[in-house]
Amino acid sequence: RLKAPKKGERRIYVINHASIFDVIFMSILPGPVKSIMKESYTKLPLIGWLSILSGNVILKEDFNTGEQFDFYERVREKLERGVALAIYPEGTRSKDGKIGKFYDGTFKLALDTKSDLVPVIFDSWNIIRPGAFWIRDVKTFGKILNSIKYEEIKDYSYKDIAKVMRVIMVESLLDLRDKRRKTDKKYYRHDLQFVKIDQEMREELENFKQKINIELYNKLKKIVYGE
């Protein structure tokens, strides 16, 4: 079972962004955890205020050189102290429950800071849907995959890591949803519209897998699933 990082053990949680509830759902992650959040999120009622008070790292929309240096120093300092960072590489919440394209800055940061990566899957889209502020679902489901050590990825480009990580996380999310469909008759993704969306995601996944570094994919898949 994954434990909290120790001092000097740098860790970044890579999470799919399904709902504004994810900020609260992060409490399942081991150790002290801070998010890297877009400045616009701090303006949301309650969630934004809590994010600032919790000491998360705020990512401004536009950086000047000095602010960029300060941002990296704050990130490095937290990681070195054993404070894990949680990052949503999609950059925004999913509109339909799919995992969108990953921005590769997360993975460049991981290589620059020599951090381990821990992929985390949240199936929380239905809790608070985009554009709404009321809770539809009280069931929270997530999965923490095995940690990927920096030594395993250091010789690969951050762009390749971003693409492979997205494939693995899409596969994991689809697997989690398939299991929920088998065990929960009231699971909202039994609805035909969501079955169709998940099928689209499977088809997109197969096309996307043809464009990734297969060597890295096979390597990381064995690690995250303990194969």
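So which residues in the range 104-144 are open to solvent by less than 10 Å² (accessible area, probe 1.4 Å), in contact with a Phe, Trp or Tyr (Cβ under 7 Å, 6 or more places away or on another chain) and part of a loop (DSSP other than H, G, I, E, B)?
Selection gives Ser115, Asp123, Ser124, Ile127.
Hey, does the range 185-196 have a residue that's open to solvent by 90 Å² or more (accessible area, probe 1.4 Å), of a type in the set (S, T, N, Q) and outside any loop (DSSP other than H, G, I, E, B)?
yes
Which members of the range 70-94 meet the condition of being among the charged types (D, E, K, R) and either without any contact (Cβ under 8 Å) to a residue 24 or more places away in the chain or under 15 Å from Gly31 (Cα atoms) (or both)?
Across the range 70-94, the qualifying residues are Asp70, Glu73, Arg74, Glu77, Lys78, Glu80, Arg81.
Can Lys101 be described as closer than 19 Å to Tyr150 by Cα, among the basic types (Lys, Arg), at pLDDT 85 or above and open to solvent by 60 Å² or more (accessible area, probe 1.4 Å)?
No.
What number goes with the only condition from (1) over 16 Å from Ser115 (Cβ atoms); (2) modelled with pLDDT under 90 that His17 does not pass?
(2)
Output the residues belonging to the range 89-113 that are of a type in the set (Ser, Thr, Tyr), over 15 Å from Tyr158 (Cβ atoms) and in contact with a Lys or Arg (Cβ under 9 Å, 6 or more places away or on another chain).
Thr92
Considering only residues that are in a loop (DSSP other than H, G, I, E, B) and open to solvent by 10 Å² or more (accessible area, probe 1.4 Å), look in the range 72-87 and name the one that is farthest from Asn56 (Cα to Cα).
Filtering the range 72-87 for residues that are in a loop (DSSP other than H, G, I, E, B) and open to solvent by 10 Å² or more (accessible area, probe 1.4 Å), the one farthest from Asn56 (Cα to Cα) comes out as Arg81.
Which residues, taken from the range 197-226, are open to solvent by 80 Å² or more (accessible area, probe 1.4 Å) and either among the polar types (S, T, N, Q) or in a loop (DSSP other than H, G, I, E, B) (or both)?
Gln199, Asn207, Gln210, Lys211 - these are the residues of the range 197-226 that are open to solvent by 80 Å² or more (accessible area, probe 1.4 Å) and either among the polar types (S, T, N, Q) or in a loop (DSSP other than H, G, I, E, B) (or both).
Within the range 158-181, identify whether any single residue is touching a residue at least 24 places away in the same chain (Cβ under 8 Å), assigned to a loop (DSSP other than H, G, I, E, B) and not aromatic (Phe, Trp, Tyr), and answer yes or no.
no
The values are calculated or read from the model by the stated rules, or taken from the named source; none is laboratory data. All of these numbers come straight from a predicted model, not from anything done at the bench. Positions of Cβ are generated from backbone atoms using ideal geometry, with glycine treated the same way; all protein chains shown enter the neighbour counts. Only protein heavy atoms, including side chains, enter the accessible area calculation; ligands, DNA and RNA are left aside. Shrake-Rupley method; radii C 1.70, N 1.55, O 1.52, S 1.80 Å.
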